[in-house]
Amino acid sequence: MAYEVTMPRLGWTMEEGVFGEWLKQDGDEVKAGDLLFTVEGDKATQEVEVFESGILRLPQGAPAAGDVIPVGALLAYILQAGESMPAGGSQSPQSGGREGQASTASPSVTTEPAFQRPSATQTVAADGRGNPTISPRARRVAGELGVDWTQLTGSGRTGRIVERDVRAAAETMVEQVGVEMSPVARRMAAEAGISLEELAATKPGGRIQREDVEAAIAARRQPVLADETAVQVLPHTRIRQITAQRMSESAHTTAPVTLTTEADATELVALREQLKSSYARRGLAVPSYNDIYIKLAAAALQEHPALNSSWGDEGLILHGKIHIGFAVETERGLLAPVLRDVPTKSLRVIAAESASLIEGAQQERLGHEAMQGGTFTITNLGMYGIDAFTPIINLPQAAILGIGRIVCKPAVHEGEVVPRQMVALSLTFDHRVVDGAPAARFLNTVREYVAEPILWLTA
Amino acid sequence: MRELTYVEATLEALDSAMARDPSIFVVGEGIGERGGNFNTTVGLYDKYGPERLCDTPISERGFVGMCAGAAMTGTRPVVDFMFLDFILDAFGELVNQIAKMQYMSSGRLKMPILLRGAIGIGHSAATHHSGSYYPIFAHIPGFRVVVPAIPSDAKGLFATALQSDDPVLFLEHKSLLFNRGDVPEGDYAIPFGQARMAREGSDCTVVAIGSMVDKSVAVCDKLAEDGISAEVIDPRTIAPLDMATILESVSKTGRLLIVDETFQPCGVGAEIAAQVIDEGFDDLDAPIRRLNGAHVPTPYSPPLELAIVPETNDIEQSIRNLLAE
């Protein structure tokens, strides 16, 4: 092979050199180690030796004394007997660096094809299960295009199936079945096990799209639904319809956020025990926990009037009175009767009124007005063992307080871990109406009132 | 745009930063009046004086240790190793102190130290002056490892290195130092961890590092005449490594070749290949291939030296083989 003589780098910072003179002539036989030419350095002329034996050939345009030559540029060739100068050697050898020269000086442009594909007779690579081997990408593409690759012959070097084989097979499938399909449709059909013939029959001559496969899948499911005998359809009650309408209206129009906290209810439990024994002895209606929560929530609302408001299209409606609705479960469904002007009423009055409202609700004789005009709602799931939850706001109110169960558990009280009666409180508020901080301040007041009933009993 | 050599480009970034920031100083052998064996500090001594261009005796462990201390006090030392091979004499300071100091001080101390040196095989520099060693440093948590391939990247990455509060290894291949290229005027910085798309293509991805980038681009330009469309990615920094760009390219091409002059075992190519298998397995249409320099000490003899470095014909053959897989 022709050996290239190039301009050497004689110092680390040298970028180009001034050619001195040839010490051998074109056609001379040279031996490795012979001095071949000189280069003018900064201080002295340096003689450069040749590393290869052979015949020196100077191409056309070879450098002459005084020429400035870039490091790495071709200067000459050392040829073996019978060898000729590479094509392109006639070009100016000073036109570029060594890499550039090497490529222009290569014998000829290669005509080798880009891909060397194995012939069909080559052994086909196979995995342990007798399947041909397949590249991960080809396997993925086969899944996407719905191609069964186990029957394919691979064109990879070892017979491996590669992406182009799968794509070619997908093209062939179209021709064989005569069905044109989008890739998505083909994949969905493969996953659902729907044959291409079946699909083609539904749309003769047309391109099968995703919708066509979806229709075919749905058509399959239809009889299964009809055969279903365990299903029973109950007509909606009026209450269920109203509840559904109001709940979805609330869920879709409010910007609900739920805050939860835990309150120490030990003193509240003591209060209730005291009420129970004192009231019962006197034949009075004993206030329920719900009644107590209604009363203390009203006290908290007086402190935080922003929570006792409604969203109005014209502006924020601040209610002058505090009317508290409370959720009652009945056989017909959920009802929320309203206790009016709660701050003006004593706990004893609230107990009597709520007992009558609950009774009315359960006996279906509560008028429409009894459930209208609430400004805030309380819902209690404590009796079902629930702690925190996310109540849905009773429109057009701004907030709803969810009460959890009272449960005795270890808590830190006055620096000691002791058993305490704890209750979870959940406040859902409409962020359109009120921001997080005022809502949190309200819930914190409720928490304090649960922990220290004296605060609101004496207010 | 005006052209500069690779080393002029880094010199411009260094000069500009030193003019602005008096806490930057350079230490090394022959970097003062002489301007550096590779012209890395030419002209700076006259501008900034002997205190900021501090010639040292041959005592790598000593001056690297002192620079670590200086960096902890808030200065920005630039250690110029001339040939990077000599960094090995300071390996203990580097790995046990410089790379770990921020962690050990819970971030109270910074380590803004720039360690630069010429790497790579060429010009019969022989076995003590041809090392690259960047896979070793990329292996250690704490280092940023930068291997620019073209002059404009060298300037922008050098500027980023001078702003980094982490220790940076800035590694300049000897065969690139006097390559010329377009370099924008003025200050600019190229962030670490962003690869450069050196050439776009669709048939295969070639990740090339340092001196292999221009060679690979030249090969791919030639292969285009045969209808082969190869993409060349220059990661620019080994740590952090921009795997997102590599994975995106592999998802397009399905085939990956990593060309790196350094040793193959436990190298950058092994790391890239493993991450592509982790994250892009289903994109692969062929085995991942690596082309590396031979796993041997670097010989002095020019023909032997040529034989151990990946050359354009090796890269071309590797790409053709990959496409035939």
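Odds and ends about this structure:
- Exactly one residue among B:F170, B:F143, B:F137, B:F158 is touching a Lys or Arg at 6+ places or on another chain (Cβ under 7 Å), aromatic (F, W, Y) and modelled with pLDDT of 95 or more, and that residue is B:F170.
- Failed criterion for A:G11 (all others in (1) within 30 Å of B:F38 (Cβ to Cβ); (2) more than 60 Å from the chain's Cα centre (by Cα) hold): (2)
- Meets criteria (touching a residue at least 60 places away in the same chain (Cβ under 8 Å) and assigned by TED's automatic domain parsing to the domain that holds A:T260) for A:I386: no
- Residue within segment A:15-33 that is within 60 Å of the chain's Cα centre (by Cα) and part of a loop (DSSP other than H, G, I, E, B) present: yes
For every residue, the table says whether it meets (1) away from chain A (no Cβ under 14 Å); (2) crowded, with 19+ Cβ neighbours inside 10 Å.
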| position | (1), (2) |
| --- | --- |
| B:T237 | yes, yes |
| B:L241 | yes, yes |
| B:E248 | yes, no |
| B:L256 | no, yes |
| B:G267 | yes, yes |
| B:A270 | yes, no |
| B:Q275 | yes, no |
| B:E279 | no, no |
| B:L291 | yes, yes |
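- Taking segment B:23-56 as the range and being without any contact (Cβ under 8 Å) to a residue 12 or more places away in the chain and not charged (D, E, K, R) as the test, the residues that pass are B:G35, B:G49.
- If you filter segment B:19-47 down to residues that are aromatic (F, W, Y) and farther than 29 Å from B:M101 by Cα, you find that the one that is farthest from the chain's Cα centre (by Cα) is B:Y45.
- Members of segment B:35-56 that are assigned to a loop (DSSP other than H, G, I, E, B) and touching a helix residue (DSSP H, G or I) at 6+ places or on another chain (Cβ under 8 Å): B:G35, B:F38, B:N39, B:T40, B:T41, B:V42, B:G43, B:T56
- Per the listing A:R441, A:R405, the residue uniquely touching a helix residue (DSSP H, G or I) at 6+ places or on another chain (Cβ under 6 Å) and of a type in the set (K, R) is A:R405.
- B:L94 closer than 18 Å to B:G131 by Cα and buried (at least 19 other Cβ atoms within 10 Å of the Cβ): yes
- Just one of the numbered conditions (1) modelled with pLDDT of 80 or more; (2) closer than 30 Å to A:E331 by Cα is not true of A:A300: (2).
- Scan of segment B:293-325 for residues that are facing another protein chain (nearest Cβ under 9 Å), within 23 Å of B:G254 (Cα to Cα) and more than 25 Å from the chain's Cα centre (by Cα), ordered by number: B:R320, B:N321, B:L323, B:A324, B:E325
- Looking across segment A:249-297, the residues that are β-branched (V, I, T), touching a helix residue (DSSP H, G or I) at 6+ places or on another chain (Cβ under 7 Å) and at pLDDT 90 or above come down to A:V257, A:T261, A:I292, A:I294.
- Matching residues in segment A:14-45 - criterion: being over 30 Å from B:F38 (Cβ atoms) and either touching a Lys or Arg at 6+ places or on another chain (Cβ under 8 Å) or not assigned by TED's automatic domain parsing to the domain that holds A:P70 (or both): A:D26, A:G27, A:V30, A:D34
Every residue, every condition in (1) within 18 Å of A:P391 (Cβ to Cβ); (2) aromatic (F, W, Y), yes or no:
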site: A:L316; (1), (2): no, no
site: A:H319; (1), (2): no, no
site: A:F326; (1), (2): yes, yes
site: A:L334; (1), (2): yes, no
site: A:V338; (1), (2): yes, no
site: A:D341; (1), (2): no, no
site: A:T344; (1), (2): no, no
site: A:I350; (1), (2): no, no
site: A:E353; (1), (2): no, no
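- Each residue in segment B:182-227 was checked for being among the small types (G, A, S), in contact with a helix residue (DSSP H, G or I) (Cβ under 9 Å, 6 or more places away or on another chain) and surrounded by fewer than 14 Cβ atoms within 10 Å (Cβ to Cβ), and 2 pass.
- Restricting A:I317, A:I324, A:I294, A:I378 to those that are more than 25 Å from A:A451 (Cα to Cα) and in the same structural domain as A:F442 (by TED's automatic domain parsing) reduces the list to A:I317.
- Residue within segment B:56-63 that is in the same structural domain as B:K155 (by TED's automatic domain parsing), farther than 23 Å from B:H129 by Cβ and not acidic (D, E) present: no
- Filter result (more than 8 Å from every other protein chain (Cβ to nearest Cβ), touching a strand residue (DSSP E or B) at 6+ places or on another chain (Cβ under 9 Å) and in a loop (DSSP other than H, G, I, E, B)) within segment A:2-13: A:A2, A:M7, A:P8, A:L10
- Condition met for A:A300 (assigned to a loop (DSSP other than H, G, I, E, B), crowded, with 17+ Cβ neighbours inside 10 Å and of a type in the set (A, V, I, L, M, F, W, C)): no
- Selection within segment A:143-163: residues that are within 11 Å of chain B (Cβ to nearest Cβ) and part of a helix (DSSP H, G or I). The member of this set that is nearest to B:C204 (Cα to Cα) is A:E163.
- Residue in segment A:383-392 that is out of contact with any Asp or Glu (no Cβ under 7 Å at 6 or more places or on another chain) and outside any loop (DSSP other than H, G, I, E, B) present: yes
- Restricting attention to segment A:232-258, the residues that are farther than 23 Å from A:G436 by Cβ and touching a His at 6+ places or on another chain (Cβ under 8 Å) total 1.
- Considering residues of segment A:339-379 that are buried (at least 19 other Cβ atoms within 10 Å of the Cβ) and of a type outside the set (A, V, I, L, M) only, the residue nearest to A:G312 (Cα to Cα): A:T375
- Segment B:26-60 - residue that is among the hydrophobic types (A, V, I, L, M, F, W, C) and either touching a strand residue (DSSP E or B) at 6+ places or on another chain (Cβ under 8 Å) or under 18 Å from B:I119 (Cα atoms) (or both) and, of those, nearest to the other protein chains (Cβ to nearest Cβ): B:F38
- Number of positions in segment A:258-292 that are in a helix (DSSP H, G or I) and either within 46 Å of the chain's Cα centre (by Cα) or among the charged types (D, E, K, R) (or both): 11
- Scanning segment B:4-25 turns up no residue that is away from chain A (no Cβ under 14 Å) and at pLDDT below 95.
- Remark: pairs (first residue in segment B:254-269, over 19 Å from B:A239 (Cβ atoms); second residue of a type in the set (S, T, Y) and assigned to a helix (DSSP H, G or I); Cβ separation under 9 Å; 6+ apart in sequence or on different chains) = B:L256/B:S249; B:L257/B:S216; B:L257/B:S318.
- Of all the criteria given as (1) assigned to a helix (DSSP H, G or I); (2) more than 30 Å from B:A159 (Cβ to Cβ), the one not satisfied by B:P299 is (1).
The values are calculated or read from the model by the stated rules, or taken from the named source; none is laboratory data. Please read these numbers as outputs of a predicted model, since none were measured by experiment. When we count neighbours, we look across all protein chains shown, and the Cβ atoms used for this are built from the backbone with ideal geometry, even at glycine.
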